[in-house]
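The values are calculated or read from the model by the stated rules, or taken from the named source; none is laboratory data. Predicted model, so just to flag it, every value in this text is computed and none were measured. As a convention, Cβ positions derive from the backbone with ideal geometry for all residues, glycine included, and neighbour counts pool all protein chains shown.
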Amino acid sequence: MCGVTGFVSHRGLADPRATIERMTATLVHRGPDDQGIHVDGPAALGVRRLCVIDLDTGHQPVSNEDGTVWVVQNGEIYNFGALRDRLQRLGHVFRTRSDTEVIVHAWEEYGEDCVAHLDGMFVLAVWDSRQRTLLLARDRMGEKPLYYHAGHEAFVFGSELRALLPHPAVPRRLDLTSLARYLDFEYVPAPHAILAGVEKLPPGHVLTISPGGKPHLARYWDLAFAPDRSPSEREWQEALLHQLEASIQSQLVSDVPLGLFLSGGVDSSAIVALASRALTGRRVKTFSLGFPEASYDERPFARAVAARCGTAHTEVTVVLSGDGGD
């Protein structure tokens, strides 16, 4: 888990570096390993990084060779290896092994359409100083969050609401309609946010903006249904297994130890079984939560799966504490 933030000023800002430093500092809990900041005229990018891939040279923000394109990312690009190979064949030169640098060169090659080439969980920001354009994008299913304020003085964004507040252009007022929604639903439905003048970037969308301009929001992906071929049950089974294997394999790329949560249910058990098969020669680490109340405790099922798959299994028991309340 990392955190990104930044802004594009429309009317200038007295001290943009100090502002982006304060904004980035609010996200330290999301990225304890590294911090990066880039300020370029009206634009600024900040990131707090939790290192997973390319621990040594994966510092962000990442730029192209001449420093005209800069990128920050929260998340992971699962197909970065294949995309990197394709871009290298097209003549792009890489300096790191990070998945974030792939975004830089994909932007140079494909422009705004670069996001359609990415498979992963991510929010990203691209600042192109030549085009004076900021691009924001969120992954297809919205696994990673991104909030933004589009005001007269500045366009401001961040992984969390707290990252927006140090910027003087962002109002510190509750949106009363969103507050009512929260009291009704116990969450604030997208694209709304609890702060006035702030919205969530929808999943599967890109947003572009230039200094002094208005934001342009566009969908880059939507769920598509193939024509019904009336496949047999066996064909469905094989197709599902193939998709699960491919998805799990793509998410096992890491330069730090991997771990999997295991509840003992069908979904996590299937993931552990397929990951154990894919990681030949490496013992999978699994983790389970347990409860003293037997009716809520699924540890026996998790133990059975862990034993069958030969994982290095760890259990943690959750015990309620306090004055005896539920």
key: Test result for residue 246, buried (at least 16 other Cβ atoms within 10 Å of the Cβ) and within 20 Å of residue 119 (Cβ to Cβ)   = no
key: residue 264 being of a type outside the set (Lys, Arg) and within 30 Å of residue 152 (Cβ to Cβ)   = no
task = Just give me the residues in the stretch 1-37 being of a type in the set (Asp, Glu) and assigned to a strand (DSSP E or B), in sequence order.
result = 34
Residue that is nearest to residue 98 (Cα to Cα) [pool: residues in the stretch 269-303 that are surrounded by fewer than 16 Cβ atoms within 10 Å (Cβ to Cβ) and of a type in the set (S, T, N, Q)] = 280
inquiry  = Can you pull out every residue in the stretch 212-243 that is closer than 30 Å to residue 280 by Cβ and either of a type in the set (S, T, N, Q) or surrounded by 13 or more Cβ atoms within 10 Å (Cβ to Cβ) (or both)?
reply    = 237, 243
ask   = Can you pull out the residues in the stretch 119-155 that are assigned to a strand (DSSP E or B), under 21 Å from residue 170 (Cβ atoms), within 13 Å of the chain's Cα centre (by Cα) and of a type outside the set (A, V, I, L, M, F, W, C)?
value = 138, 147
inquiry  = Can you say whether residue 266 is under 26 Å from the mean Cα position of the chain (by Cα), without any contact (Cβ under 8 Å) to a residue 24 or more places away in the chain and loosely packed, with under 12 Cβ neighbours inside 10 Å, as far as the supplied structure shows?
reply    = yes
remark   = Within the stretch 28-46, residues of a type in the set (A, V, I, L, M) and at pLDDT 95 or above come out as 37, 39, 43, 44, 45
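This table checks each residue for (1) farther than 18 Å from residue 139 by Cβ; (2) surrounded by fewer than 21 Cβ atoms within 10 Å (Cβ to Cβ); (3) among the small types (Gly, Ala, Ser); (4) under 16 Å from the mean Cα position of the chain (by Cα).
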position	(1), (2), (3), (4)
46	yes, no, yes, yes
76	no, no, no, yes
95	yes, yes, no, no
105	yes, no, no, no
ask   = Residues 284, 319, 305: which one is over 29 Å from the mean Cα position of the chain (by Cα), within 26 Å of residue 249 (Cα to Cα) and in contact (Cβ under 8 Å) with a residue 24 or more places away in the chain?
value = 305
request  = Could you give me the residue pairs with C-beta distances under 7 Å whose first residue belongs to the stretch 230-247 and is under 24 Å from residue 276 (Cα atoms), whose second residue is assigned to a helix (DSSP H, G or I) wherever it lies, and which are 6+ apart or on separate chains?
outcome  = 244/270; 244/274; 245/274
task = Kindly indicate the residue of the stretch 93-118 that is at pLDDT below 95 and not in a helix (DSSP H, G or I) and also nearest to residue 206 (Cα to Cα) among those meeting that condition.
result = 98
request  = Give the stretch 78-92 a look and list any residue that's surrounded by 13 or more Cβ atoms within 10 Å (Cβ to Cβ) and either outside any helix (DSSP H, G or I) or among the basic types (Lys, Arg) (or both), or say none.
outcome  = 78, 79, 84, 86, 92
